[in-house]
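Working notes, structure below.
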Amino acid sequence: MNIEQLDFYTQAILSLAALVGLTSFLMLGQGRLLRLIFVFAVQGFLLALTTAAAAYSLSNYHLYISAALTLVLKVILIPWMLRRQVLKMNMHRDVEALSNNTAVMLGGASLMLFSYYILHPIVQTSSLVMLNALAVSLSVMLLGMLLMISHRQAVAHVVGFMSIENGLFFAAIVATHGMPMVVELGVAFDVLVAAVLFGIFFLHIRTSIDSLDVDLLNRLSEVDK
Amino acid sequence: MIAAYLVLLIPLTGMAFFALAGHRADSGAWNIRLNAVNLIATLWLAINVLREGTILSAGKAFLIDPFNVYLIVLTAFVGLTTAIFSAPYMAHEMETGRLNDARLKLYHAMYQGFMLSMYLVLTTNNMGILWVAMEGATLATVLLVSLYRTPESVEAAWKYFILCGVGIAQALFGTILLYYAAEQIGSEENALLWSVLYENADKLNPEVLKIAFVFLLIGYGTKIGLVPLHNWLPDAHSEGPTPMSAVLSGLLLNDALYAVVRNKMLVDGATQSDMAGFLMMGFGLLSFLVGALFLHRQKDIKRLFSYSSIEHMGMMTFAFGIGGPLATFAALLHMTVHSLTKSAIFVTVGHASQLAGTQNMEKIRGLIKTQPAIGWGLLIGTVSIAGFPPFGVFTSEFLVLLATMRSYPWLAPLLLLGIGIAFAGLFRHIQPIVYGDRPEGQQPIKANLWPVMIHLGLVLWLGLAIPGFLADWFSQATLLISGSAP
């Protein structure tokens with residue numbers, strides 16, 4: 001496949017997929033919370049751009065609504081809420097020392113390969129572009145999980161959680177040109193409620209353990225102490 | 001069809017009512033009334049389905065068939081009895097100062113919100129909305145798990161939120177793949193409607209659906225509490241208020257399994273292979289055995305019974321995985337009797353821990369001597385859940401075993417072993433709790449044990465003789481799921 005022979009829309013989707021994947025890796029190695037949130041907002045913006053590109057090329061109006069939703073939720077509202085929390089709790093100066101960063105990065109790279117590997121059967125029935133898009137979105141999901149495993153701050157966990165949703169949306173837009181409107185609205189509603197609940201949880205966690213380090217949430221376990 | 005809309009509208013109004021009116025002295029009573037009205041609506045719906053067969057609403061948004069209608073009635077029934085238990089339980093928690101008005105308002109509003117999302121999961125015909133409602137159930141219950149605001153409960157709720165949130169995201173990826181496969185056969189607008197997908201299941205791309213099912217099983221499996229994705233379940237069940245444990249165990253787990261089975265029906269149609277069934281059997285058996293083994297290590301009485309839930313959900317997943325009419329029938333029956341028994345057990349456990357002032361099993365003693373109703377309730381409930389005849393759990397477990405011997409005889413010893421281990425695990429803890437001497441100063445409390453008696457009575461009835469109309473109902477559902485009558 002020669003990329004110059006593809007039409008403009010496909011080229012755009014491929015580049016955006018690559019960029020979205022890149023932002024996931026950037027988040028993975030980021031120890032500063034404010035920068036993490038910024039990269040997350042950039043990922044949201046790329047997602048909104050992808051949606052808008054899809055809407056333009058298909059002249060599908062409901063995708064414009066979905067792009068606007070993504071823009072409002074993932075680029076403005078949720079990053080703003082997280083940023084406010086971080087500033088309020090005075091955590092913007094803390095740098096989280098990420099233990100074995102190299103291993104996490106290598107793990108991330110292998111997750112990406114793994115995504116390509118499991119989705120490979122799809123290529124028999126559709127284009128290589130589709131494989132790329134789906135594999136990138138799956139790896140964004142897996143990298144989001146790895147982010148949650150490797151970071152200890154609750155805020156980073158929320159960013160990981162939301163970036164998993166970003167991966168899902170990317171798959172939904174590129175592979176299927178958006179889910180039916182009612183489903184998309186439902187999912188957006190769930191994301192919004194989840195974001196609000198996370199805000200409430202930060203407060204609860206902070207009042208109960210006086211920190212947002214989730215490693216300190218270790219009272220419940222099966223191991224005898 | 002009006003009945004189906006009513007079933008959804010009543011909890012919606014209830015949620016709005018509790019959220020706007022704030023906490024009142026009679027909120028508990030209103031909660032009971034709302035659930036009672038909804039039980040009547042679901043019964044009406046069930047009669048309609050029995051008479052006319054499958055109902056598809058205009059616009060195909062809702063689908064009521066013999067498989068989900070019995071779960072809808074079960075949901076309404078357990079919802080009602082738990083509400084009856086919850087009213088005095090919450091009043092007691094208010095008296096002891098563990099809760100205040102604002103949290104009770106949240107509790108009642110979210111109780112109705114949870115019921116709404118459960119009904120939506122069951123009635124919807126759209127696989128996307130199914131996902132949204134499933135996630136909605138998490139969101140509705142997550143603040144209830146941390147209702148007491150102790151560090152432990154906040155931790156449990158956080159774990160529940162993150163694990164179920166991430167888990168269920170996998171199910172959305174599976175749903176997107178399903179949609180992708182459906183779009184290829186060209187039905188743009190209705191591509192996520194189950195009824196449409198089911199009709200065209202043989203045309204769906206099997207490769208895509210195989211991958212999709214893995215994600216769907218992991219996603220909804222997190223909510224079922226399948227090992228190794230079960231970690232949230234014992235925490236959330238043990239730290240939340242007991243009525244919540246009862247509905248989580250009795251309803252949420254069932255509905256997640258329902259979602260998996262619905263998807264399995266599509267995948268089976270497309271792949272024409274046992275791949276989905278084998279996956280379910282594997283995870284089911286693993287959960288069953290791990291759940292049974294972990295029963296032995298528990299110290300907290302609610303954790304004990306959450307592991308028992310994992311064990312039983314594992315068995316149901318296993319049975320649905322075997323497929324075939326006998327196993328499917330057994331799984332459907334097991335869903336019913338497990339829900340009824342487990343919610344009854346959680347009701348007695350709630351009273352027992354209020355009585356003893358702790359959930360630590362080493363400190364709860366002499367229940368029968370203190371308050372015979374609670375002690376016997378717990379004992380009989382445990383006997384029933386362990387699978388003793390003449391209770392219904394025995395019947396369904398026996399049928400699962402029979403189906404296993406017929407299809408995969410070499411797995412039967414594992415099942416028997418698991419049942420034995422689970423029995424020992426339950427009784428080594430429960431026996432000293434119900435018998436034994438009464439600790440000094442332990443006083444009987446005001447308890448409403450009607451829900452327990454009704455539930456256990458029904459389980460007994462199902463064990464002795466399944467009434468004709470119910471057997472007929474299960475057979476119709478079995479026919480729908482497995483393709484042939486038992």
Restrict the search to region B:174-242; then list the GluC sites (Glu not before Pro) that DSSP places in a loop and that have at most 11 other Cβ atoms within 10 Å of their Cβ. B:GLU188, B:GLU189
How shielded is A:143-154 by partner chains, expressed as the average number of their Cβ atoms within 10 Å of its Cβ atoms? 1
Rounded to two decimals, the Rg over Rh value of chain A from Cα coordinates and the Kirkwood Rh reads 1.00
Pick out, in residue order, every one of the trypsin sites (Lys or Arg not before Pro) in region A:22-97 that is DSSP loop and has at most 12 other C-beta atoms within 10 Å; say none if there are none. A:ARG93
Theoretical ellipticity at 222 nm over chain B - DSSP helices of four or more residues, -39500 (n - 2.57) apiece, nearest 500: -26000 deg cm²/dmol
The helix B:101-123 Cα axis meets the longest alpha-carbon principal axis of chain B at an angle in degrees, between 0 and 90 and rounded to 10, of 30 degrees
Within region A:26-62, name every residue whose backbone N is under 11 Å away from a label modeled 7 Å from Cα of A:VAL95 along the Cβ vector. A:31-32
From the C-alpha gyration tensor of chain B, pull out the three semi-axes of the equivalent ellipsoid (sqrt of 5λ each), sorted largest to smallest, in whole Å. 34, 26, 21
Using only Cα atoms, locate the centre of region B:442-486 and the centre of region A:178-206, then give the distance between them in Å, rounded to an integer. 36 Å
Nearest-ten-degree value, helix B:253-271 long axis tilted from longest Cα axis of chain B: 20 degrees
Hey, if you put +1 on the Cβ of every Lys and Arg and -1 on every Asp and Glu Cβ in region B:99-251, which of B:VAL208, B:LEU233, B:TRP194 ends up farthest toward the positive end of that dipole? B:LEU233
Total charge dipole magnitude, chain B, about the Cα centre, Cβ charges on Lys, Arg, Asp, Glu only, Debye to nearest 20: 1020 debye
Across B:146-158, the residue-averaged tally of Cβ atoms belonging to other chains within 10 Å stands at 5
Kirkwood estimate for region B:274-486, i.e. one over the average of 1/r between Cα atoms, Å: 17.6 Å
Entries of B:LYS159/B:LYS210; B:LYS159/B:LYS446; B:LYS60/B:LYS203; B:LYS159/B:LYS264; B:LYS159/B:LYS299 with Cα pairs more than 23 Å apart: B:LYS159/B:LYS210; B:LYS159/B:LYS446; B:LYS159/B:LYS264
Lys, Arg +1 and Asp, Glu -1 on Cβ, resulting dipole of the protein assembly as shown about Cα centre, debye, nearest 20: 1420 debye
Out of region B:315-370, which trypsin sites (Lys or Arg not before Pro) are coil in DSSP terms and have no more than 14 other C-beta atoms within 10 Å? B:LYS363
Rg/Rh for the protein assembly as shown, where both radii come from Cα atoms and Rh is the Kirkwood radius: 0.96
Inter-chain shielding metric for A:182-193, i.e. average beta-carbon neighbours from other chains within 10 angstrom, reads 5
With θ set to phi - 60° and the Karplus curve 6.51 cos²θ - 1.76 cosθ + 1.60, what are the ³J(HN,Hα) couplings of region A:18-33 in order, to the nearest whole Hz, using x for Gly and Pro? 4, 5, 4, x, 4, 4, 4, 5, 4, 5, 4, x, 9, x, 8, 5
Report the calculated FRET efficiency for B:SER57 and B:VAL37 (r = Cβ-Cβ distance, R0 = 25 Å), to the nearest 0.05. 0.75
B:LYS369: which aspartates and glutamates have alpha carbons under 12 Å from its alpha carbon, excluding same-chain residues fewer than 8 sequence positions away? B:ASP437, B:GLU440
Looking at B:LEU8, B:PHE398, B:ASN126, which one has the Cα that reaches farthest to the positive end of the dipole of chain B (charges on Cβ: Lys, Arg +1; Asp, Glu -1)? B:PHE398
Between the alpha-carbon centers of region B:125-173 and region B:27-66, tell me the distance in whole angstrom. 25 Å
Measure nothing but the geometry: give the 0 to 90° angle between the long axis through the Cα atoms of B:468-482 and the longest principal axis through the Cα atoms of chain B, rounded to 10°. 50 degrees
I'm checking a number: the convex hull volume of the Cα atoms of region A:148-192, normalised per residue, in Å³. What is it? 62 Å³
Rule-of-thumb Rg ratio for region B:260-323 [Cα; 2.2 N^0.38 Å; N residues]: 1.31
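No lab work stands behind these numbers, since they all come straight from the coordinates. Quick caveat: nothing in here was measured; it's all calculated off a predicted structure. With ideal geometry, Cβ positions are generated from the backbone for all residues, glycine too; neighbour counts draw on all protein chains shown.
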